[in-house]
Every structure is written in C-alpha cells, then in structure tokens.
Amino acid sequence: MESAALSTTLKAGVAVLGDVDALFVFLGDMPRVPPGEAAHLARILDDHFAAWPRHAGKPGHPVLLSARALAHVPTLTGDAGAGQILRGRTDAVVHETEDPAVRLDIDRPEDLARLEGIHED
C-alpha cells in the first residue's frame, strides 16, 4: 500500500473531479502565490500539456494541468507529485516571472523567516 504522499492526494482529487478541461495544483505550504498568477496561466495554457511559473530558472506554483496531463495522474507515485509527468516535456508553457513568491515553500520553521522578505502588493 502506498504511503500518504503528494501523489496520493493529487490522484484522489483528480478521481473525484471526473472530466474537466484543466486543473490547478496549489500547494498549501506555498502561501504567497501572486494573486494574478493563476489567471495568467489560464490565459497561456491553450493546447499545451501544462503551464507553470518559473523564477530564477526554477519551477514554481501553481501548476495548471491540461486534460491530457490529468490522464497521466493515475500513474504517479511517491512525494514528487505532478513533477513526475512534467519533467522533460516540450509541450508545456512556462511563465517567466520576477516574483520569487512562486517558489516560497514553507516546510521548516526557518522558512517562515523568508516570509519577511516577500511582500504582498
């Protein structure tokens, strides 16, 4: 039996939704995602496999998965989440952003200190 992990949660959510055109993946430990980021990703998804922001060359959140991408979710395992089906894709679209908040992940107490450096507009 698979232990509780990101993939388990994502698979359960997708199974409950049924047939949808796309799905946003927001992580609960990323509290400062810029308010307009989701709308921007929705505008640029078009017929791409997925869309996500990138800051300083590193991927961020949220991630917008197309219906084609969602078909791969049942194959996910472990704690890597959708990253497993996104790595190496050439049919995804990336939004380059100057806002570091798309990568602000709060996993440890010391991460909370980084919140001081990210200001909401």
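Scoring Asp91 on the criteria (1) more than 22 Å from Leu115 (Cβ to Cβ); (2) surrounded by 15 or more Cβ atoms within 10 Å (Cβ to Cβ) leaves a single failure, condition (2). When the range 39-85 is limited to residues that are outside any helix (DSSP H, G or I) and without any contact (Cβ under 8 Å) to a residue 12 or more places away in the chain, the one that is farthest from Asp19 (Cα to Cα) turns out to be Gly57.
So which of Pro100, Pro59, Pro35 ends up being farther than 23 Å from Gly13 by Cβ and out of contact with any helix residue (DSSP H, G or I) (no Cβ under 6 Å at 6 or more places or on another chain)? Step through it out loud before you land on a result.
Values: Pro59 fails: farther than 23 Å from Gly13 by Cβ; Pro35 fails: farther than 23 Å from Gly13 by Cβ.
Only one candidate passes the filter, namely Pro100.
Going through (1) farther than 21 Å from Arg89 by Cα; (2) surrounded by 11 or more Cβ atoms within 10 Å (Cβ to Cβ) one by one, Ala15 falls short only on (2).
As a summary of the residue check, Gly81 satisfies the conditions (1) loosely packed, with under 12 Cβ neighbours inside 10 Å; (2) on the phi > 0 side of the Ramachandran plot except for the one numbered (1). Evaluated against (1) in a loop (DSSP other than H, G, I, E, B); (2) in contact (Cβ under 8 Å) with a residue 12 or more places away in the chain, His95 falls short on exactly one condition, (1). Scanning the range 74-97 for residues that are modelled with pLDDT under 95 and acidic (Asp, Glu) turns up just one, Asp79.
The values are calculated or read from the model by the stated rules, or taken from the named source; none is laboratory data. These numbers come from a predicted model, not from an experiment. No Cβ is skipped: glycine too gets one built from the backbone with ideal geometry, and neighbour counts run over all protein chains shown.
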